[in-house]
1. State which residue is nearest to the chain's Cα centre (by Cα) when the search covers only region A:38-53 and only residues that are outside any helix (DSSP H, G or I) and β-branched (V, I, T).
2. Of the residues that make up region A:54-67, is at least one within 17 Å of B:E47 (Cα to Cα), assigned to a helix (DSSP H, G or I) and at pLDDT 90 or above?
3. Where residues in region A:19-57 are out of contact with any helix residue (DSSP H, G or I) (no Cβ under 8 Å at 6 or more places or on another chain) and among the aliphatic types (A, V, I, L, M), which of them is farthest from the other protein chains (Cβ to nearest Cβ)?
4. I'd like to check something: does region A:173-195 contain any residue that is away from chain B (no Cβ under 11 Å), assigned to a helix (DSSP H, G or I) and under 26 Å from A:A134 (Cβ atoms)?
5. Scanning for something surrounded by 16 or more Cβ atoms within 10 Å (Cβ to Cβ), closer than 20 Å to A:A176 by Cβ and either in contact with a Ser or Thr (Cβ under 7 Å, 6 or more places away or on another chain) or at the interface with chain A (Cβ under 7 Å from one of its Cβ atoms) (or both), does region B:9-32 turn up at least one residue?
6. Scan region A:101-156 for residues that are within 25 Å of B:H19 (Cβ to Cβ), of a type outside the set (A, V, I, L, M) and in a helix (DSSP H, G or I) and jot them down.
7. Quick one: which residue in B:V12, B:V45, B:V7 is among the aliphatic types (A, V, I, L, M) and in a helix (DSSP H, G or I)?
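The values are calculated or read from the model by the stated rules, or taken from the named source; none is laboratory data. As the structure is a computational prediction, the values presented were derived from the model and not from experiment. Backbone-built Cβ (ideal geometry, glycine too); neighbour counts: all protein chains shown.
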Amino acid sequence: MVVPTADSSDETLAARAAAGDDHAFEEIVARYEGRVFRLACRLTSETDAPDVLQNTFLQVYRNLPAFRGESRFATWLYRIATNAALMLRRGRTRKPSESLDAFMPRFDEHGIHADLPAQLLVASRADELLDRQALADKARAGIARLPHVYREAFVLRDLEEMSTTDVAQVLGVEPAAVRQRVHRARLMLRGYLSDLVGVKR
Amino acid sequence: MEYLEGVLTPEVNAALEAHVAACERCTAFVASYRETPRILRTATVVELPADIQQSLRAVLRLRR
């Protein structure tokens, strides 16, 4: 009997693939290849993403028998993909770290935001002020400028929209650390967005 | 940070919310802080190119 795969849960497919069902594995690849590629681009670059993609699915295939369902399949797969991205980056030159201070909101002596509302709002209008391609290029550059640990947390939490708990699990850190890293990444990126539309933060 | 993350106690949160709502600059700052992830999310959506998809599938067929 042929079991339809299209509406099977990830976990069912994983169990069948682990038992040697190649169609189930192909269905897993079809479901996740686009998402893994996008994640890889966000964590590394479009140049490195194809390698990350291949390494991820080779490892998924090898490790499927060890998947016990302690976490959701998607979380498990994202952990493999994230590690594949981090492995590829390991050994590359470290980037000089930027001080977070430059990205903190500035206040006057009365504790009021030193910038005017229009200046403060500029970052949120970046997508109106720039054309699509320019914004995509700047977004990539901005994310690449982040310190690695902020980038990983931000990509998983804000771009892939995983829960803080899942991100903590994938990165092997406490949820509080995830929240702090994501917060700092947002401050920095908000600053980059203000810069790129030509207004000071 | 705790305010922006929504993890404060309801009392403290309500007090801050009241201030932010009354303060044009805080409102602008919070709005841009909250918009930043959305803008970057949309700007970094990429499709898997067909040639990369094909080579992935070829590699997976060979190695298993």
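1. Our first condition is that a residue be outside any helix (DSSP H, G or I); within region A:38-53, this holds for A:44-48.
Keeping just the survivors that are β-branched (V, I, T) gives A:44, A:47.
Values: A:T44: 9, A:T47: 16 Å.
The selected residue is A:T44.
2. Taking region A:54-67 and keeping what is within 17 Å of B:E47 (Cα to Cα), we get A:54.
In the following step, the residues that additionally are assigned to a helix (DSSP H, G or I) were identified as A:54.
Still in the running and at pLDDT 90 or above: A:54.
Yes, region A:54-67 contains a residue that is within 17 Å of B:E47 (Cα to Cα), assigned to a helix (DSSP H, G or I) and at pLDDT 90 or above.
3. A:A19
4. yes
5. no
6. The answer is A:D101, A:F103, A:P117, A:Q119, A:S124, A:R125.
7. Working: B:V45 fails: in a helix (DSSP H, G or I); B:V7 fails: in a helix (DSSP H, G or I).
The conditions single out B:V12.
Each row is one residue, and each column tells you yes or no for (1) at pLDDT 85 or above; (2) in contact with an Asp or Glu (Cβ under 8 Å, 6 or more places away or on another chain).
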{"residue": "B:L4", "(1), (2)": "no, no"}
{"residue": "B:E11", "(1), (2)": "no, no"}
{"residue": "B:L16", "(1), (2)": "no, no"}
{"residue": "B:E35", "(1), (2)": "yes, no"}
{"residue": "B:P49", "(1), (2)": "yes, no"}
{"residue": "B:R61", "(1), (2)": "yes, no"}
{"residue": "B:R64", "(1), (2)": "no, yes"}
